[in-house]
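This report refers to the structure that appears directly beneath it.
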Amino acid sequence: MSLHVETNLAHIQDFATQADEHGASHFPIYNTGTFDLKKQSGDRVYDYTRSGNPTREVLENLFTKVENGAGCVCTHTGIAAVGLLFETVLSAGSHVLVEADCYGGTFRLLKIFKEKYNVTVHFKNFLHLDELEDILANNRIDLILCESPTNPGLKIIDLEKIGELSKKYNSLFAVDNSLATFISQKPLDMGADFSLFSTTKYISGHGSVIAGAIVSKTKKLAQQIGFYANAHGRSQNPMDVFLISLGIPTLKIRMREHEKNAILLAKFLQNQSFIKKVTFPALKSHAQYELAKKQMDFIPGLFCADFISINLAEQFIEKTKIFGEKCSFGSPDSRVEIPAKISHATFSKAELEAIGISETTVRFSVGLENIEDLIDDIKQAVNV
Ligand SMILES: Cc1ncc(COP(=O)(O)O)c(C=O)c1O
């Protein structure tokens, strides 16, 4: 029987490779470094937790299922999943085609690969498909990488179209699915070879853990990722798997609430004289609104608002009592940050301008609080 994603998430314990002999309703945490080879029964042989661990396998089996993949590796951070992808598919002299609006940590990692391993990185706007095709036709591109929605520019990338291009030019295609998550969007069904994500964000949803995962479309790619994960020591520890598992069953209802609150807040801000522009794919004013609705079941509760001045943006952040000035997103508490100062501080002014971000842009990660409290807090912070 084919089950819906939320049913699988609610029954996370069923994804253990071997059923628990006591019928525990939550899977056990094997917080061990090693396993005694002589004392194991069955086909599965665990020897060392870096290479394999039954607790981590629960999450890896679940993510493989809900992303419609062939295998998964859970990593100790989200950026480790990005790093593991690069370590697996890139070599010295490789070419990568990347959406210019990408997470600051991914951007920094690509610069390192460029400087240390002579990797050529083509940063491009993935809305301009003709330009992408031109690059693909004139270079041997090993890897295409994007997020959708992008962060912080919140563009929606047509994943099916990029998937088609990747097949035409025989390039691997990876999607960072941290924002939408597998409850909303399935990159592997739209032509991607990898779906990777930071589980630090919406997937765990409580903000008390840092972790990530990468799901591969084919067994062959999954084996390659698994080999490098073991070689580079990228795998996640079992206690973190447990913490993530506590948030997983509620992912769908949280995403729905994040979306609902964010729409109400974005609409409120849109009508305020201290705001120049709100960029949010859930609003009809967004250029890719239709594609966003088609590609995702829920639009993640993350948007950007451009204030009329730097002073006012800073005053708001200083005086707000509910919105923490924190990077990251997907937690129950609402957060704000100025990307140019925090999450995307590695971008130059020109690079930020190219993705539509200025010094007055504030990124909102809308939490699960009561919407009236959020609006009242903004009013008192900007004195309206
Ligand atoms: C889109 C995206 N991908 C990857 C990461 C990295 O994840 P982590 O912070 O868990 O290492 C982040 C972190 O903010 C992110 O926003």
Hey, rough spin-label estimate for LYS349 and ASN170, points 7 angstrom out along Cα→Cβ, what's it come to in nanometres?
4.5 nm
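With each run of n ≥ 4 DSSP H residues scored as -39500 (n - 2.57), what mean residue ellipticity at 222 nm is computed for the chain after dividing by its residue count and rounding to the nearest 500 deg cm²/dmol?
On the way: 13 runs with 144 residues, N = 384.
Computed mean residue ellipticity for the chain: -11500 deg cm²/dmol.
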Applying 1/(1 + (r/R0)^6) with R0 = 51 Å to the Cβ-Cβ distance of ASN139 and ASN383, what FRET efficiency is obtained, to the nearest 0.05?
0.45
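Roughly what % antiparallel, to the nearest 5, for the DSSP beta bridges in region 13-171?
Working: 1 of 10 bridges.
Among the beta bridges of region 13-171, antiparallel pairing accounts for roughly 10 percent.
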Under a straight-distance cross-link criterion of Cα-Cα below 19 Å, which aspartates and glutamates are reachable from LYS167, leaving out those fewer than 8 residues away in the same chain?
GLU99, ASP130, GLU131, GLU133, ASP134, ASP142, GLU147, ASP158, ASP176, ASP189, ASP193
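Among the listed pairs LYS294/LYS349; LYS186/LYS219; LYS155/LYS267, which have their C-alpha atoms separated by more than 24 angstrom in this model?
Violating the 24 Å Cα-Cα cut-off are LYS294/LYS349.
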As a test, work out the antiparallel percent of DSSP beta bridges whose residues both lie in the chain, rounded to the nearest 5.
55 percent
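Greater than 29 Å separation of Cα atoms is the criterion. Which listed pairs, LYS124/LYS321; LYS124/LYS168; LYS116/LYS161; LYS326/LYS379; LYS114/LYS168; LYS114/LYS293, meet it?
Working: LYS124/LYS321 38 Å; LYS124/LYS168 19 Å; LYS116/LYS161 32 Å; LYS326/LYS379 20 Å; LYS114/LYS168 25 Å; LYS114/LYS293 36 Å.
The pairs that break the limit, which is 29 Å between Cα atoms, are LYS124/LYS321; LYS116/LYS161; LYS114/LYS293.
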Using a 7 Å offset from Cα along Cα-Cβ at SER273, what residues in region 347-384 end up with backbone N under 12 Å from the label point?
384
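Taking 0.36 nm per intervening residue step and subtracting the Cα-Cα distance, what contour gain separates MET239 from HIS128 on full extension? Could the numbers behind the result be given before it?
Values: separation 111, 0.36 × 111 = 39.96 nm, distance 4.31 nm.
Full extension from MET239 to HIS128 adds 35.6 nm.
Within region 251-382, what percent of beta bridges assigned by DSSP are antiparallel, to the nearest 5? Write out the running numbers ahead of the final one.
Numbers: 12 of 14 bridges.
Percentage antiparallel, nearest 5: 85.
Taking the Cα centre of region 211-360 as origin, work out the dipole magnitude from +1 charges on Lys and Arg Cβ and -1 charges on Asp and Glu Cβ, in debye rounded to 20.
Numbers: 20 positive and 14 negative charges, 119 e Å.
For region 211-360, the charge dipole is close to 580 debye.
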Projecting each Cα onto the charge dipole of region 5-249 (Lys/Arg +1, Asp/Glu -1 at the beta carbon, about the Cα centre), which of PHE113, LEU59, PHE27 comes out farthest on the positive side?
PHE113
Name the residue farthest towards the positive end of the dipole of the chain from the options PHE298, THR77, ALA313, assuming +1 on Cβ of Lys and Arg, -1 on Cβ of Asp and Glu, about the Cα centre.
THR77
Alpha carbon centroid spacing (whole Å) that separates region 317-353 from region 47-101
27 Å
For SER285 and SER2 in the same chain, what is the full-extension length gain: residue separation times 0.36 nm, less their Cα-Cα distance, in nm?
98.2 nm
Calculate how steeply helix 104-117 sits against the longest principal axis of the alpha-carbon atoms of the chain, using the helix alpha-carbon long axis, and give the answer as 0 to 90 degrees to the nearest 10.
60 degrees
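May I ask you to give the average projected area over all directions of the convex hull of the Cα atoms of the chain, in nm² rounded to one decimal?
Spelled out: convex hull of the Cα atoms, projected over all directions, averaged, 19.5 nm².
All of the numbers you see were taken from the coordinates with simple rules; none came from a lab. Quantities reported herein were computed from a predicted structural model and do not represent experimental measurements. Cβ atoms come from the backbone with ideal geometry, glycine included; neighbour counts cover every protein chain shown.
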